[in-house]
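Take a look at the structure set out below.
We did not get these values from a lab; they are worked out from the coordinates using the rules stated. Every value quoted in this text rests on a predicted model; they were computed, and no experiment measured them. All Cβ positions, even for glycine, are placed from backbone atoms using ideal geometry, and neighbour counts span all protein chains on display.
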Amino acid sequence: MFRWGVLSTAKIGREQVIPAILDAENGVLSAIASRDAAKARALADRFGAPHAFGSYEEMLASDLIDGVYIPLPTSQHAEWAIRAADAGKHVLVEKPLALRADDIGPVIAARDRAGVLVCEAFMVTYHPQWLKVRDLVRTGAIGRLRHVQGAFSYFNDDPANMRNRPDLGGGALPDIGVYPTVTTRFVTGAEPLRVQATVERSPDFGTDIYASVRADFGGFELSFYTSTQMALRQTMAFHGEAGVIEVAAPFNAGTYDHHVVTLYNRDRSQSQAFRFAGALQYRLQVEAFARAAKGEDVAVFTLEDSVRNQRVIDAIFRAGEKDGGWKPL
């Protein structure tokens, strides 16, 4: 069994990843670390972890864990991923791993130096609905792909929330704009050549709160919008010459909508629904990570893929500064 340590008591850990670890068939929750020992102990007791540490350093020095999950604020992801790798621990770190593609290079160096597994936590790439979409597109179910369309938005105007704090790496594109890009790249295996974008920043927070993006992949385009101050919505559609694939809840299946992928023919006179009820993408992620860390030949989201996805986000920010002009990657 892979022994997990969780580095911080963050909400996504409490609500999503720790329950996934407890539910996984090949891992156990061994320890919680926090800069507040009482918080670490309370969360460890809540989830039945036998060990609690009052500092991150203490947990990384322990031989009681095989790897760590890091849900710290974005601005601290790369630093602690490097420190965990240098301590000989396998590392699953929340997305976004970094705020610039260039910042991922030192993480790759630490991974290679220590000979451990380090992955960015794009849980969507483990969900069977996305494996199905990829299979449908690649086997020609919709003919030639011409356009991908997406959206991801929610409303959060809390000034204390990390998503609204630039010093912690907040903003719409780092938090949720990464999902339309990563799923499009995952499905098609293609990379954009250039991007065009409008990016709006909050006058109060300084973070990007809205972006409208167009990405040219050569043979097809991706267009999407993302916002942290719009009504709740997420959608993805892959539009080809012979049909359309629509994903009901592309990024948080089971929360926004059902686990359903629908394939429509050219005139929408026929449709086929593929359902994935009960699929738990966070559990699938931690199980795949643990197997890969143990040396099994399992597909995981690599740091090299993290670099490629972050380059897209970097280019979107640059394009936004050009007032909508095209920007090459």
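Worth pointing out:
- The residues of the range 289-302 that are farther than 11 Å from residue 121 by Cβ and buried (at least 21 other Cβ atoms within 10 Å of the Cβ), listed by number, are 290, 293.
- Of all residues in the range 270-289 being of a type in the set (Gly, Ala, Ser) and out of contact with any helix residue (DSSP H, G or I) (no Cβ under 9 Å at 6 or more places or on another chain), the one that is farthest from residue 20 (Cα to Cα): 271
- Scoring residue 21 on the criteria (1) more than 18 Å from residue 94 (Cβ to Cβ); (2) under 19 Å from the mean Cα position of the chain (by Cα) leaves a single failure, condition (1).
- Residues located in the range 163-183, provided they are surrounded by fewer than 20 Cβ atoms within 10 Å (Cβ to Cβ) and assigned to a helix (DSSP H, G or I): 166, 167, 168
- Residue list for the range 58-70, restricted to those being touching a residue at least 24 places away in the same chain (Cβ under 8 Å) and surrounded by fewer than 23 Cβ atoms within 10 Å (Cβ to Cβ): 58, 60, 61, 62, 64, 66
- Yes/no for residue 148 being crowded, with 22+ Cβ neighbours inside 10 Å, outside any helix (DSSP H, G or I), in contact (Cβ under 8 Å) with a residue 12 or more places away in the chain and on the phi < 0 side of the Ramachandran plot: yes
- Any hit, the range 96-108, residues being within 24 Å of residue 248 (Cα to Cα) and either buried (at least 19 other Cβ atoms within 10 Å of the Cβ) or within 20 Å of the chain's Cα centre (by Cα) (or both): yes
- Within the range 269-290, considering residues that are closer than 16 Å to residue 67 by Cα and small (Gly, Ala, Ser), the one farthest from the chain's Cα centre (by Cα): 290
- Hey, residue 312 β-branched (Val, Ile, Thr), in contact with a helix residue (DSSP H, G or I) (Cβ under 7 Å, 6 or more places away or on another chain), surrounded by 13 or more Cβ atoms within 10 Å (Cβ to Cβ) and in a loop (DSSP other than H, G, I, E, B) or not: no
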